[in-house]
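A short worksheet on the structure shown next.
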Amino acid sequence: MSRIEIAPGEPLEKALRRFKKKIEREGTLKQLKARRHYEKPSEKKRKKIRAAKSSKKSFR
């Protein structure tokens, strides 16, 4: 579980922004969205191959 410490006098908006950035860096939201629905192993494999192809194109 992600946690941040709020300094005395720190605005809540600033703390919330730091929390959102921390969650994004850890990949928590991405993982949560991926686990929302069951994905068949063949679909996982297809997605992995598609991602590899797109990353290979960007290296050219």
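The values are calculated or read from the model by the stated rules, or taken from the named source; none is laboratory data. Not measured: the values here are computed from a predicted model. Cβ sites come from the backbone with ideal geometry, for glycine too, and all protein chains shown count toward neighbours.
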> Within segment 21-43, which residues are more than 20 Å from the chain's Cα centre (by Cα) and outside any helix (DSSP H, G or I)?
Replying inline: LYS40
> Would a scan of segment 9-17 turn up a residue that is of a type in the set (Lys, Arg) and within 19 Å of the chain's Cα centre (by Cα)?
Replying inline: yes
>> Among the residues of segment 21-38, what is the count of those that are surrounded by 11 or more Cβ atoms within 10 Å (Cβ to Cβ) and either modelled with pLDDT of 90 or more or closer than 15 Å to MET1 by Cβ (or both)?
In response: 7
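Matching residues to (1) of a type outside the set (Val, Ile, Thr); (2) in a helix (DSSP H, G or I); (3) touching a residue at least 24 places away in the same chain (Cβ under 8 Å):
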position: ILE6; (1), (2), (3): no, no, no
position: GLU10; (1), (2), (3): yes, no, no
position: PHE19; (1), (2), (3): yes, yes, no
position: LYS45; (1), (2), (3): yes, yes, no
position: ARG50; (1), (2), (3): yes, yes, no
